[in-house]
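Only one structure is covered here, and it is reproduced in the block below.
The values are calculated or read from the model by the stated rules, or taken from the named source; none is laboratory data. Note that the coordinates shown come from a computational prediction; the quantities given were computed from them, not determined experimentally. Please note: Cβ atoms are built from the backbone with ideal geometry, for glycine as well, and neighbour counts cover all protein chains shown.
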Amino acid sequence: MRKTFQLHIDGKHPDRVLDATKHAIRKYLRRERGRPLPEGADHWAFDCKLGPNQESAVEVPVGALIQRVDALAREGATHFYLEILARAGHWQAPPAKDAPAPDEGA
């Protein structure tokens, strides 16, 4: 999804427009997560960018996406650019705390 969302539309309450925008984002993520995974993948990962326009958009973790949209709305933004790209991912366990780092071994 690559889209510029309007937050102020004449004749519509800004809070309802914000709610509809957040609903559209969640709906897109839910739809993408429901797609069948390619072989060898165990989840969908998302690369997200958010900003006032396409040129100034910065990477945002998918878990912080809605909070950042709320922050933009509180700051008085009239629109924002959002890019969400889904990719197949493979979960990897974090390294154990007791084990030495790969470059520390003897």
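Starting from the stretch 85-102, take each residue that is modelled with pLDDT under 80 and list its partners that are surrounded by 10 or more Cβ atoms within 10 Å (Cβ to Cβ), counting only C-beta distances under 9 angstrom and pairs at least six apart or across chains.
So the pair list comes out as Ala101/Pro95; Pro102/Pro95.
Out of the residues in the stretch 1-23 that are over 14 Å from Pro52 (Cα atoms) and touching a Phe, Trp or Tyr at 6+ places or on another chain (Cβ under 8 Å), which is surrounded by the most Cβ atoms within 10 Å (Cβ to Cβ)?
Only one residue tops the list, namely Thr21.
Just give me the residues in the stretch 64-83 being part of a helix (DSSP H, G or I), touching a residue at least 40 places away in the same chain (Cβ under 8 Å) and aliphatic (A, V, I, L, M), in sequence order.
Leu65, Ile66, Val69, Leu72, Ala73
Would the stretch 34-48 turn up any residue that is in a helix (DSSP H, G or I) and in contact (Cβ under 8 Å) with a residue 24 or more places away in the chain?
Taking every residue of the stretch 34-48 in turn, none turns out to be in a helix (DSSP H, G or I) and in contact (Cβ under 8 Å) with a residue 24 or more places away in the chain.
Does Ala41 satisfy the condition of being at pLDDT below 95, within 23 Å of Ala88 (Cα to Cα) and of a type in the set (A, V, I, L, M)?
In short, yes.
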